[in-house]
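Each value in this text was obtained by applying a stated rule to the coordinates, not by laboratory testing. Since we're looking at a predicted model, the values are computed, not measured. Virtual Cβ from ideal backbone geometry, glycine too; neighbours counted across all protein chains shown.
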Amino acid sequence: MSAIKVGIIGCGAIGTELAQYMDRDKRFQLLYILDEKKEASEKLLAKLKNKPAEVISVTDMEEADLIIEAASQECVRERMPGALEKADVMIMSVGAFSDTKFFREFRDKAEKLGRSIHIPSGAIAGLDALKAAAQGGLDSVTLTTRKHPSAFEGAPWVKKTEVPLHAIKKPTVIFEGTANRAIAGFPKNINVAITLALAGVGPEQTKVKIIADPFAVRNAHEIDVVGKFGTMNIKLESNPSPYNKKTSRLAAFSAIATLRKLAESLQIGT
Ligand SMILES: NC(=O)c1ccc[n+]([C@@H]2O[C@H](COP(=O)([O-])OP(=O)(O)OC[C@H]3O[C@@H](n4cnc5c(N)ncnc54)[C@H](O)[C@@H]3O)[C@@H](O)[C@H]2O)c1
């Protein structure tokens, strides 16, 4: 089998780990990298043995079989519809799909073009069981996320409600609401709420609670599901990425595992 040719958009925490993985695995050939910040793509390039081309647009990713977005929700909206015209895509900034109209159009486009949209589990566990449970009907899906207050710096919700992050001395609930409102308020922290919503009961029905915990050393996501199948409670604590404390380390590992699935004949899990 010839190597799967890949382009990465976004050379930050996740893009860097993915690129370094592909540098070691001959089943993949990283042909292109793209970042709106030149210093980010140059920094990544310096870490790689097999150097991809630095490009400025998805239209330059002519030979890609797969284009990976590991950048931002804006990038999903602006660049990824064009990427679909070239190749299959993997999306990390899943929050962009909280816009149902955009998501429907994106999915329709993929279907018309015969392309696949890969959404890794990211920083959560339990999507396999949730997808299976959904076949029998679900009553409720709740996500509780706990991170150090510093991980929420700059979030629109924190700015709007003037949450005094530096003054938080004990675990404090700073948000409770739907997945849709959560991603609007915390676009860089809670992509997993939308992944969970897409696999389960949708962004308006998925409930989210966010806790700023000054004692938290890891990013914790707890998922509670109730349905015809029974109940599920899953708690996962991930170390923050060494490159970006807002991002859980598991998110990059999950993207790598999704990538490897494309090259492997044995598929395990729902
Ligand atoms: N699905 C999940 O579970 C999950 C988990 C963690 C992070 N994320 C999301 O994945 C994305 C990447 O995360 P990260 O930690 O690697 O981020 P990062 O900030 O470390 O890196 C992102 C890089 O993308 C570049 N970029 C941003 N917008 C761009 C655009 N429109 N065009 C080109 N380049 C652009 C930035 O310059 C930066 O270098 C973020 O949106 C993050 O919120 C998803």
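Structure note, pairs 188/245; 5/51; 5/43: Cα-Cα distances above 18 angstrom occur for 5/43. Beyond 31 Å between alpha-carbons counts as too far, so tell me which of 37/170; 207/246; 109/209 fall in that bin. Over 31 Å Cα-Cα: 37/170; 109/209. Over the range 73-169, Cα pairs under 8 Å with separation of 6+ residues give a relative contact order of 22 percent. The sum of -39500 (n - 2.57) across all DSSP H runs of n ≥ 4, divided by the residue count of the chain, sets its helix-only mean residue ellipticity at 222 nm to -10500 deg cm²/dmol. Normalising the average separation of contacting C-alpha pairs (under 8 angstrom, six or more residues apart) by the number of residues puts the relative contact order of the chain at 19 percent.
Compared with the alpha-carbon gap, the fully stretched path from residue 173 to residue 48 is longer by 40.8 nm at 0.36 nm per residue. Put simply, the C-alpha atoms of the chain give a gyration tensor, and the ellipsoid matching it has half-axes of 30, 22, 17 Å, longest first. Relative contact order of the range 127-244, taken over Cα pairs closer than 8 Å and 6 or more residues apart, is 39 percent. Fully extending the segment from residue 160 to residue 266 would add 33.4 nm, taking 0.36 nm per residue of separation and subtracting the current Cα-Cα distance. Based on every Cα atom in the range 164-226, Rg and the maximum pairwise Cα distance Dmax equal 12.3, 36 Å. When the chain is treated as a Gaussian network with alpha carbon springs shorter than 10 Å, the biggest mean-square fluctuation among 177, 95, 230 belongs to 230.
Maximal additional length on extending the residue 118-residue 27 stretch stands at 31.0 nm, based on 0.36 nm per residue less the C-alpha distance. With the largest listed first and rounded to whole Å, the semi-axes of the equivalent ellipsoid of the range 127-244 from the Cα gyration tensor are 26, 15, 12.
About its Cα centre, the dipole of the chain is roughly 600 debye, where the only charges are +1 on Lys and Arg Cβ and -1 on Asp and Glu Cβ. Between the residues 135, 149, 221, the greatest Cα displacement towards the positive end of the dipole of the range 127-244, with unit charges on the Cβ of Lys, Arg, Asp and Glu, is found for 149.
Of all DSSP beta bridges confined to the chain, the antiparallel ones make up roughly 50%. Scalar couplings 3J(HN,Hα) for the range 241-254, obtained by applying the Karplus form with A = 6.51, B = -1.76, C = 1.60 to θ = phi - 60°, are 4, x, 9, 7, 5, 6, 9, 6, 4, 4, 4, 5, 4, 5 Hz; x denotes Gly and Pro.
The aspartates and glutamates whose alpha-carbon is closer than 18 Å to the alpha-carbon of residue 228, local same-chain residues fewer than 8 away aside, are 128, 139.
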